[in-house]
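Comments concern the structure below.
Derivation of every value follows stated rules applied to the coordinates shown; laboratory data play no part. All of these numbers come straight from a predicted model, not from anything done at the bench. Backbone-built Cβ (ideal geometry, glycine too); neighbour counts: all protein chains shown.
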Amino acid sequence: MAFSASDAALEGFNIVRREPKAIAAWSLIQLIFSIAVTAATVPFMRPLMELQSSQLVGVRPTPAQAMAVLEPTLGFLAVLIPLELVVVSILSAAVYRVVLRPQDKGLARLRLGGDELRLAILWIELGFVFWLVGMAVLIAAVVVGATISAALKASAAGAVGAVMAAYIVVLLVMIWLAVRLSLAAPMTFATRKVQLFSAWRLTQGHFWPLFGCYLLSFIFVLIVLMAQLSVVAIVTVIMSGGSLTHMADQAMRPDYSSLSAFLTPTRIVGLLLNSVLGGVYWSVALAPAAVAYKQFGPA
């Protein structure tokens, strides 16, 4: 049976239709986590914003002052990133469970065990690979671009163009690498073994169908996101009395003096909408790769 990029891209919406309770549970997890992260982040943002404001007016903080602000923030991130990794792994496994192990039902397909641990390890490995390849390609592209610019005695605008071209090269390489390794996560889940490069063979010769599938799913996510942002914008305009200036000021300069000051009605609506649609985002974003693995994976 030929692989259908459109059918695979739409699988996330099929899950929303078939598994509304699971989607609601995933969205609830997203909401709880978002509220917890917001509440924990606000106290760290105020000193960071004050530090930034002082730099903008020409007041340079001493290294000791800067570290006094940055150290607690780094400690917070050291706790937040592993927690976020756990949540991502749990929700990813739940989506893969719907597609690859439909017989495993349980409570909204949610677990916390070996599947989630293996996915967490894989996400760490993938992050390192993408960082390593991205840095290597960027350095190589910048060196080549700078060499060519120097040889041609290019102007400053030409040098800027060379740097922009280097970033475009990095973006294209990252897209190619992401597609080639896109089946690593569903393969890890299906085989119960961490599969980083084994999935590379599965995507051999299937780059363009997979790229088309992921592009479609990305467009679908953007459509949902634009609908969400439109609702938030309408609510913001209403809450601000129709003042676009006030709306922009709230968006660009959040008040981090306290949690209650930060959580304006507009921001609360945005947080709720993002969390309510969280289950939809996870399903639409992750299901296509699982469907592709069923098609291209070992029988």
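Sort 203, 264 so the one with the fewest other Cβ atoms within 10 Å of its own Cβ comes first.
264, 203
What list do you get for 104, 115 if you sort them by fewest beta carbons within 10 Å?
Fewest to most other Cβ atoms nearby, the residues stand as 104, 115.
Just want the ordering: 45, 226, from fewest to most Cβ atoms lying within 10 Å of their own Cβ.
226, 45
So what J values fall out for segment 216-223 if you push phi through Karplus, 6.51 cos²θ - 1.76 cosθ + 1.60 with θ = phi - 60°, rounded to Hz, Gly and Pro as x?
4, 5, 5, 5, 4, 4, 4, 4
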